1. For residue 93 and residue 224, what does the FRET efficiency come to when R0 = 30 Å and r is the distance between their Cβ atoms, rounded to the nearest 0.05?
2. Using mean Cβ contacts within 10 Å as the protection proxy, how do 63-69, 328-334, 349-355 order, highest first?
3. Hey, what's the per residue convex hull volume over the C-alpha atoms of the stretch 199-337, in cubic angstrom?
4. Given the Cα-Cα distance of residue 349 and residue 58 and 0.36 nm per residue of separation, how much length would full extension add, in nm?
5. Please report the Cα spread of the stretch 196-235 along all three principal axes, rounded to whole Å, starting with the longest.
6. What is the percent of Cα-Cα separations in the stretch 1-70 that go past 15 Å?
7. Counting helices only, and only those DSSP H runs with n ≥ 4, report the 222 nm mean residue ellipticity of the chain as the sum of -39,500 (n - 2.57) divided by its residues, in deg cm²/dmol to the nearest 500.
8. Which order, highest average first, do 32-43, 154-165, 215-226 follow once you tally other Cβ atoms within 10 Å for each residue and take the mean per peptide?
């Protein structure tokens, strides 16, 4: 009797997970947004932190400078964050060619605990910004021609203070396709969180803020340091009652590079796992929804019900397919559809190992080591 109840609870949790995230994402995807007209162009500053990005920074800056937006209405602020390679030289050369490019150089690490690493670089760039809208991306990203126009247009409504959008993974092959699905899936969950009124995160390589709202909350200096500064920022905007949009639009998404090796991939997920702990009860709830699959699967095996054992992963696979497919269709990434099921199977397997990543409290990013700051 107890076993039957546990199995029913596990199945209910899995199905509820799909329903909740699907409804949340649907609500956010179909949110009515007041856009600026074609002839309205708010002043925009695009901030790009760069630390040892000699292989990527030129492509990034060039893609931004090529955006379909009046050059007099936007500036690019590249922050050379203590680079030891040729990043500074490349930016200096680009600044001679691109009139609206401003280069900010950081020579020493910030002493303020909340401005360590990337938050400090972003803050330095935003401090120099003249735009009323601040767009942020990373040096290993490339943006589309309508990116600035689409993102900035969302700020027509003065109550909107934060806009996030999707990131695509470039490249072909199994490993890259899995990462592409994973990023869209994670974005969709984050999008659903906004739709449900509970921010679950975003990706810092494609976010933007209204500068007056950013200044009002005190910037990164007043936000407790996090290894996932994007989550900390969107959470603070939500706490302060600022309007948030999670935009699912092919003109608003950007491209970034995949992890090239398993080691790099594990380090990335270690950072995500440590940062995800900031979600508190929401993180616990999400983990329990994942564990329910394995609890139900193992119990079914132990009682010899192999049909039921097979049913658990099938429910999860179908559920995640239902969650991620609408985003893929909205972004017109049709080539990824055949890869959804193999990717979900990979994610299910990966979840078994994620708790072990939390055993290591220090993360390494861009040759810098950080520890999660406890509340």
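1. E between residue 93 and residue 224, to the nearest 0.05, is 0.20.
2. 63-69, 328-334, 349-355
3. 161
4. My answer for the length gained is 101.0 nm.
5. Cα spread of the stretch 196-235 along its principal axes, largest to smallest: 24, 20, 20 Å.
6. 76
7. Helix contribution divided over all residues of the chain: -16000 deg cm²/dmol.
8. Top of the packing list down: 154-165, 215-226, 32-43.
Here, each number is a calculation from the coordinates, and none is a lab measurement. These numbers come from a predicted model, not from an experiment. Neighbour counts run over all protein chains shown; Cβ positions are idealised from the backbone, glycine included.
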